[in-house]
Amino acid sequence: MSGTADQRRYRIILRGECQQMLAGALDGAAVESGPGWTCIMASVRDESELYGLLDRIQEFALHIVSLNELGSDVFRPRAALGNAF
C-alpha cells in the first residue's frame, strides 16, 4: 500500500494497544498505539483494497472505533487524533 496520486489515504482507529501485533501484518501501513487505542494510516488504490485491509483487521478480531478518509497530504496519526481518547 504505497502512496501515489491515484490512492486514497485512510485513518483507522482501533480499540486497544495492538501496534506490535499489527506492525508486520499490514503492508505499507503506519501503525501507532497510545493508551487504549491504535491508529492505522494506510493508502489504498480502490475500495477492493480497502475492504481487504478491513478484512485483515477483522482476522485479528479487533474493534474498529472509526474509519476516516483523509486528504493526500495528511499523514500524522497523533496530531490527527486530537482529544479523541
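The values are calculated or read from the model by the stated rules, or taken from the named source; none is laboratory data. From a predicted model like this one, the values you see are computed outputs, not experimental measurements. Don't worry about glycine lacking a Cβ; one is built from the backbone with ideal geometry, like all the others, and counts go over all protein chains shown. For accessibility, only protein heavy atoms count, side chains too; no ligands or nucleic acids. Shrake-Rupley method; radii C 1.70, N 1.55, O 1.52, S 1.80 Å.
Name every residue in the stretch 1-58 that is assigned to a strand (DSSP E or B) and closer than 14 Å to E69 by Cα, in order of residue number.
Within the stretch 1-58, R8, R9, Y10, R11, I12, I13, C39, I40, M41, A42, S43, V44 meet the criteria.
List every residue pair whose Cβ atoms sit under 8 Å apart, with the two residues 6 or more apart in sequence or on different chains, where the first one lies in the stretch 49-71 and is of a type in the set (S, T, Y) and the second, anywhere, is part of a loop (DSSP other than H, G, I, E, B).
S66/A84
Does any residue of the stretch 46-56 turn out to be in contact with a helix residue (DSSP H, G or I) (Cβ under 9 Å, 6 or more places away or on another chain) and open to solvent by 30 Å² or more (accessible area, probe 1.4 Å)?
Yes - at least one qualifying residue is present in the stretch 46-56.
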